[in-house]
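Undergrad: Mind having a look at this structure? Questions to follow.
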Amino acid sequence: MAENIQSNPYITFLLSLKENRGALAALRRGLGRTPGTTPEMYPYIVPWLPDKVSAQMEAAYYLTAALFAYHPVNTLSGNLGDHLRATINGGGNEQATERRFVALLQCHPDDLPGHLRHAVSYLKSKEQPVNWQQLFEDLLKWDHPQRFVQKRWAGSFWRQGSILTQTTESNAK
């Protein structure tokens, strides 16, 4: 499912770094660290930060850059739910993927970087591209009280019927 989001200049910039090994190495240093605490990332992130930036927004910039540097393979469609679902369709372990995905959907914003790092690592191992534009937009809205990002990801992941969904339906009959 293609998302109708105009290309964000920040994401366009990150995509332009795909072949810049030095820049990607500097951005990867942010993996596993609190967003915004890795000075090597500053030259690539700080120029793109808005003048008035919330902590959540700043974290989204740093986290997206670090994750992108780890797995700089882009697609123009889908969200993280779609991408993780595609790994199952490609022969991945559905139950383990579902458990990790549910943990990601439930996680506190402070724990999101770790959960996303594991999800992107899994996607990389399966050679599954990521819609970096959509992920960035979703991270900016992650903490919304209506949890629409999490609901959209869940809808994308479970829309084709998972083992968990099929087991629940079988038990209901």
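Undergrad: So in segment 59-77, with the set limited to residues that are under 11 Å from the mean Cα position of the chain (by Cα) and touching a residue at least 60 places away in the same chain (Cβ under 8 Å), which one is nearest to residue 148 (Cα to Cα)?
TA: 60
Undergrad: Among the residues that make up segment 50-61, is at least one of them in contact with a Ser or Thr (Cβ under 8 Å, 6 or more places away or on another chain) and in a helix (DSSP H, G or I)?
TA: Checking segment 50-61: not a single residue is in contact with a Ser or Thr (Cβ under 8 Å, 6 or more places away or on another chain) and in a helix (DSSP H, G or I).
Undergrad: Next up: Among the residues of segment 123-152, which ones are in a helix (DSSP H, G or I) and farther than 11 Å from residue 80 by Cβ?
TA: Residues satisfying the conditions are 124, 125, 133, 136, 137, 140, 148, 151.
Undergrad: If a residue must be surrounded by fewer than 18 Cβ atoms within 10 Å (Cβ to Cβ) and closer than 12 Å to residue 134 by Cβ, how many such residues does segment 43-92 contain?
TA: Going through segment 43-92 one residue at a time, the tally reaches 4.
Undergrad: Let me ask something additional. Going by the structure shown, is residue 100 at pLDDT below 95, touching a Phe, Trp or Tyr at 6+ places or on another chain (Cβ under 6 Å) and in a helix (DSSP H, G or I)?
TA: No, not satisfied.
Undergrad: Now for a different question. Those residues that are outside any helix (DSSP H, G or I) and either in contact with a Phe, Trp or Tyr (Cβ under 7 Å, 6 or more places away or on another chain) or in contact (Cβ under 8 Å) with a residue 40 or more places away in the chain (or both), I need them from segment 78-97; list them, please.
TA: Scanning segment 78-97 gives 78, 79.
Undergrad: Let me ask something else about it. Are there any pairs, at least 6 apart or on different chains, whose C-beta atoms fall under 7 Å, with the first in segment 32-46 and under 16 Å from residue 136 (Cβ atoms) and the second hydroxyl-bearing (Ser, Thr, Tyr), and if so, which?
TA: Every condition considered, the pairs that remain are 35/62; 36/62; 41/62; 45/61; 45/62.
Undergrad: Tell me, which residue of segment 26-58 that is modelled with pLDDT of 95 or more and of a type in the set (Gly, Ala, Ser) is farthest from the chain's Cα centre (by Cα)?
TA: 26
The values are calculated or read from the model by the stated rules, or taken from the named source; none is laboratory data. The shown structure was predicted, so the numbers you read here are calculated from the model rather than taken from an experiment. Every residue, glycine as well, gets a Cβ built from its backbone with ideal geometry; the counts of neighbours run over all protein chains shown.
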